[in-house]
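Beneath this line is the structure, given in structure tokens, with notes to follow.
The values are calculated or read from the model by the stated rules, or taken from the named source; none is laboratory data. On a predicted model such as this, the values are computed, not experimentally measured, just so you know. Glycine gets a Cβ as well: all are built from the backbone with ideal geometry, and neighbour counts include every protein chain shown. Surface areas here come from the heavy atoms of the whole protein model, side chains and all, with no ligands, DNA or RNA. Shrake-Rupley method; radii C 1.70, N 1.55, O 1.52, S 1.80 Å.
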Amino acid sequence: MKNFIEEVTWRGMLHDVMPGTEEHLLEQMRAAYVGIDPTADSLHIGHLVGVMLLKHFQLAGHKPYALVGGATGMVGDPSGKSNERNLLDEEALRHNQNAIKEQLSRFLDFNSGAENAAVLVNNYDWMKDFSFLEFIRTVGKHITVNYMMAKDSVKKRLNGEFQDGMSFTEFCYQLMQGYDFLHLYKENNITLQMGGSDQWGNITTGTELIRRTISEKAYALTCPLITKADGTKFGKSEGGNIWLSAEYTSPYKFYQYWLNVADADAERYIKIFTFISKEDIEALVKEHAEAPHLRVLQRRLAEEVTTMVHGQEQLDNAIKASNILFGNSSTDDLKQLDEKTFLEVFDGVGQSEVAKADIEAGLTIVDALAANSDLASSNGDARRSLQANSISVNREKVTEDYVISSNDLINGQFVLLQKGKKNYFILHVK
């Protein structure tokens, strides 16, 4: 077996681990699981650390389980939360589970038939017919209220830090998660649960339940909660979460998120979110230090993660889209952008609406600049810019006699005007 603990340690992915875990994993192939909240039909990059833990576990020769919390998702984990979550119905949870498995398949081997192939489980399957009476007899009597109250996730909600307190439903969450571990231990021989550092209390409730009910030893491991060097939350942009689904976060925007991380973050993230070897990362760090302006670490990080999540073709498209703002592109490159990516590339650029009939009739470049954009203050100003050869339509230089027609439309609705290197304006044809 490869040394899983050693691997995640040098990558900065280890926060806490129960004594004896490393030795336990080196003895033979083991099974471990990570719980995933199914409250959306896509993972976001905040989930990626847990997914990477599972992949490293599989690469070390062990068997990973991804647990979709269909039952616990109906309750809501109080850890790190100030408010109770909205509860989802079974249909929504099943839809989310299927979407999440498809995304996990880009990282984990589910279908090879190998002994350590990954497995997806849903705790709703074993919790749905579990009566309340049976639950408090089977689980509740083994864990004291004193034990539960001592958990940080509970104390923070009860000590006045949050005005709404904590419902009984959420108070029972750690018992439900603890029972998941007990169930998986007995049914699937899973001996290790992994998760974020805020899950340590819930995970150790599971190991304690296993010890008290069947007198067996189980293990716990957590990874650090990822932060950014400037103290702001990892995985968020001004528009919200960075999702793995292209429907919610375009591959271009996804690529840009990683490309724009700070140097200090890039050095940490490239260890956590890629499978690049230690030697190659050290070489990249050295290369980056010699010429930080080239952003070697950020580019490699963005390329690796985008390829894993969206594939090589989408990475290539994202790089093309990124190059458009720096002048390394053609009209053909522009016309290959879908509407969403085009608008994201030129986010914040001024726009005006132009009637489609005007374009079909032919709109002179002088009128386009002076009457339909803010790139020229008058016809005379427009002509001077054109005579100075500083005006482009869809990245191609044009002269004073140029007429914009339907052939210039990007996605059938946009024309990109440019003055000099950095001044852009979009004609939105409707």
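See the values below:
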| read-out | value |
| --- | --- |
| Failed condition for GLY80, given (1) over 23 Å from GLN193 (Cα atoms); (2) of a type outside the set (A, V, I, L, M); (3) at pLDDT below 80; (4) in a loop (DSSP other than H, G, I, E, B) | (1) |
| Selection from segment 98-150 of residues that are more than 29 Å from VAL51 (Cα to Cα), open to solvent by 40 Å² or more (accessible area, probe 1.4 Å) and not in a loop (DSSP other than H, G, I, E, B) | PHE132, LEU133, GLU134, ILE136, ARG137, THR138, LYS141, HIS142, VAL145, ASN146, TYR147, MET149 |
| Hits in segment 208-218 (condition: more than 12 Å from GLY178 (Cα to Cα) and surrounded by 23 or more Cβ atoms within 10 Å (Cβ to Cβ)) | none |
| Search result, residues across segment 183-207 that are under 14 Å from LYS63 (Cβ atoms) and either among the β-branched types (Val, Ile, Thr) or surrounded by 18 or more Cβ atoms within 10 Å (Cβ to Cβ) (or both) | LEU184, TYR185, ILE190, THR191, LEU192, GLN193, MET194 |
| Sole residue being assigned to a helix (DSSP H, G or I), over 24 Å from ARG268 (Cβ atoms) and assigned by the TED database to the domain that holds ASP198, chosen from HIS47, HIS24, HIS56 | HIS24 |
| Odd one out for THR331, checked against (1) open to solvent by less than 60 Å² (accessible area, probe 1.4 Å); (2) more than 30 Å from GLY380 (Cβ to Cβ) | (2) |
| Qualifying residues in segment 364-409 (those that are acidic (Asp, Glu), assigned to a helix (DSSP H, G or I) and over 44 Å from the mean Cα position of the chain (by Cα)) - the one surrounded by the most Cβ atoms within 10 Å (Cβ to Cβ) | ASP367 |
| Some residue of segment 233-247 being among the polar types (S, T, N, Q), farther than 30 Å from GLY140 by Cα, buried (at least 21 other Cβ atoms within 10 Å of the Cβ) and outside the structural domain of LEU182 (by the TED database) | no |
| ALA246 vs. criteria modelled with pLDDT under 95 and either closer than 30 Å to HIS24 by Cβ or in a helix (DSSP H, G or I) (or both) | no |
| Qualifying position, being modelled with pLDDT of 85 or more, more than 21 Å from GLN193 (Cβ to Cβ) and of a type in the set (Asp, Glu), among GLU102, GLU134 | GLU102 |
| Segment 250-266, subset touching a residue at least 60 places away in the same chain (Cβ under 8 Å) and of a type in the set (S, T, N, Q), residue most open to solvent (accessible area, probe 1.4 Å) | GLN256 |
| Flag if LEU221 is within 28 Å of MET176 (Cα to Cα) and at pLDDT 95 or above | yes |
| Exclusive hit being within 25 Å of ASN323 (Cα to Cα) and free of Cβ contacts under 8 Å to residues at least 12 places away in the same chain, set ASN423, ASN389 | ASN389 |
| Residue within segment 296-317 that is surrounded by fewer than 18 Cβ atoms within 10 Å (Cβ to Cβ), more than 17 Å from the chain's Cα centre (by Cα) and more than 28 Å from LYS421 (Cβ to Cβ) present | yes |
